[in-house]
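The numbers here are math on the coordinates, done by the rules we state, and not lab data. Here the structure is a predicted model, which means the values were calculated and not measured. All Cβ positions, glycine included, derive from the backbone under ideal geometry; neighbour counts span all protein chains shown.
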Amino acid sequence: MLESIINTIDNILEILSEDPLSLTFAEMVRAPTEEQVANLENSVLKDYYVITNRYEILNGGVITIFGQRKVGDLQFYAEEMQGGIGEWICIGKIDKYPLFLNKGDGHVACLFGGPLDQSYVLENYGDFRHFILRYFLGESYAEIGRKFVESGESVSTMGSKDDDWYQFLEEHLLF
């Protein structure tokens, strides 16, 4: 299954490279060299490490997942989470909100909310593989935009079925 995800991302990368206007809604870059992943065969983080060692950045619409070279710069976000960096890795963002991976169960979560009203919500998206397949590359991407609209954060099409990333995925029959 992981090989299928990598093949899909590589196909998308190839399609995007042929269209310079794609930079307005997506950016995917392979890492110059793939670092060896430690023996993670039974680890809940295996998929995450394989993907983030292969790509420097995976950005589609409002979702950005950073590769291993950049992820170290984001860990100040994880320090603020309950359990801190011992329990969480900040792996990217959804729009401007930090995206986390739980080291214990491998689940991806995003911390939505604002510091002014202290109304934070931790939205869970399942394990990393599920997040990639359903939200980053799948139809559930549109659910993310609905959360922005419902919270009053946005009235735009970002993260919805009208978003350029969603339209791209649909046009290329990726779901």
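Cross-link partners of residue 46 among lysines, defined as those whose alpha carbon lies under 16 angstrom from its own and excluding same-chain residues fewer than eight positions apart: 103.
The packing ranking, built from the mean of other Cβ atoms within 10 Å per residue, places the peptides 11-24, 76-89, 96-109 in the order 96-109, 76-89, 11-24, highest first.
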